[in-house]
Amino acid sequence: MKNIAVLTSGGDAPGMNAAIRAVVRSGINSGLRVYGIRRGYNGLIQGDLQEMKMSSVSDIIQRGGTILRTARSEEFKTPEGLAKAVNVAKVFNIDGIVIIGGDGSFAGAQKLTDSGIACIGVPGTIDNDLAYTDFTIGFDTAVNNVLDAINKIRDTSASHERVSIIEVMGRHCGDIALHAGIAGGAESIIIPEVEFSLDDICRKLIQGKNRGRLHSIIILAEGAGDGIELEKQIASKVDMEVRTTILSYIQRGGNASAVDRLLASRMGAKAVELLKEGIGGRVVGIKDNKIFDMEIHEALAMKRVFHNELFQLSDILSNSMTD
């Protein structure tokens with residue numbers, strides 16, 4: 001293997017740049033020529049490639065987003081689009097590609113591998129919704145972004161003695177809400193994995209008020225409900241002022257955390273190591289703080305196991321609050 005490439009696909013995630021940097025510098029250090037593919041699979045289809053040098057990735061390790069840009073490609077999902085992508089890779093003599101993204105990106109990596117272009121998947125998604133790995137690149141930064149918002153909203157919530165609902169990302173996976181909610185001392189955490197009771201939430205608010213607590217934080221994952229609608233429902237049941245803040249894309253932005261930079265660097269280097277050995281059709285992940293790899297189709301077939309004990313802990317800690 002002499003020529004490899006790297007692309008980012010799907011939603012952007014803080015730490016993607018650190019992973020790109022690791023792929024480029026590890027690849028060059030291994031004697032490989034490394035190309036950057038702009039705008040994901042669309043860029044591969046259109047031949048939007050550029051050779052990367054050591055200097056191409058200077059001063060990017062801390063930056064959020066992705067210098068290669070990202071896009072979703074409907075054309076790539078078609079046989080014709082896949083054929084175009086494979087042809088471009090062959091024209092540029094690309095032997096292998098590191099693909100940084102989520103499950104949809106990994107499905108594309110599997111198709112390319114089956115078509116003769118060895119691919120390694122690196123998990124880059126803030127949702128932490130890939131079952132095979134403990135953590136994905138971008139998750140830690142997103143949690144810290146939410147935590148920062150919780151701290152600021154709590155200040156104004158306390159000043160006005162109100163209930164603040166903070167809606168965060170997570171359509172199918174509530175990890176951002178759960179981790180940030182526990183770290184931020186939220187009174188209630190609502191996630192897609194656990195059915196919630198509006199009456200239980202209202203009872204907790206009233207009990208807290210009776211203990212002298214005049215403000216509360218509720219963290220809501222977007223996949224578990226609508227913040228504005230929940231605000232109306234709570235306001236109709238309790239004599240408290242309720243306000244909703246929807247964090248939206250602010251969770252994706254900002255400098256990557258130290259945890260995400262280190263994770264991305266380790267995973268990017270591992271991906272290059274696999275390609276250098278001529279291995280494709282695999283993804284890298286982390287288990288018990290050890291970087292490992294496994295076949296893409298096995299990783300995609302794994303079912304997420306919800307960590308119920310962490311959710312139970314959040315309930316215990318919020319119920320025991322007296323401040």
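The values are calculated or read from the model by the stated rules, or taken from the named source; none is laboratory data. What you are looking at is a predicted structure, and each value in this text was computed from that prediction instead of being measured. Methodologically, a virtual Cβ is constructed for each residue, glycine included, from the backbone with ideal geometry; neighbour enumeration extends over all protein chains shown.
Is it the case that THR113 is more than 30 Å from ASP293 (Cβ to Cβ), assigned to a helix (DSSP H, G or I) and either of a type in the set (Val, Ile, Thr) or in contact with a strand residue (DSSP E or B) (Cβ under 6 Å, 6 or more places away or on another chain) (or both)?
no
So which pairs qualify, if the first residue must be in the stretch 63-90 and in contact (Cβ under 8 Å) with a residue 12 or more places away in the chain and under 20 Å from VAL122 (Cα atoms), the second must be among the acidic types (Asp, Glu) and buried (at least 20 other Cβ atoms within 10 Å of the Cβ), the Cβ gap must be under 6 Å, and the two must be at least 6 apart or on different chains?
GLY65/ASP12; THR66/ASP12; THR70/ASP12
Being buried (at least 24 other Cβ atoms within 10 Å of the Cβ) and not in a helix (DSSP H, G or I) is the filter here, so list the residues in the stretch 15-31 that pass it.
Selection gives GLY15 alone.
How do the pairs read when you match residues in the stretch 182-206 that are farther than 23 Å from GLU161 by Cβ and in the same structural domain as ALA235 (by TED's automatic domain parsing) with residues anywhere that are modelled with pLDDT of 95 or more and part of a loop (DSSP other than H, G, I, E, B), using Cβ under 6 Å and keeping only pairs 6 or more apart or on different chains?
Qualifying pairs under 6 Å: ILE191/GLY174; PRO192/GLY174; GLU193/GLY174.
State the number of residues belonging to the stretch 226-242 that are within 18 Å of PRO192 (Cβ to Cβ) and surrounded by 18 or more Cβ atoms within 10 Å (Cβ to Cβ).
Of the residues in that region, 2 qualify.
Mind checking whether some residue in the stretch 224-237 is outside the structural domain of ILE126 (by TED's automatic domain parsing), in contact with a Pro (Cβ under 6 Å, 6 or more places away or on another chain), more than 16 Å from PHE139 (Cα to Cα) and touching a residue at least 12 places away in the same chain (Cβ under 8 Å)?
For the stretch 224-237, residues outside the structural domain of ILE126 (by TED's automatic domain parsing), in contact with a Pro (Cβ under 6 Å, 6 or more places away or on another chain), more than 16 Å from PHE139 (Cα to Cα) and touching a residue at least 12 places away in the same chain (Cβ under 8 Å): present.
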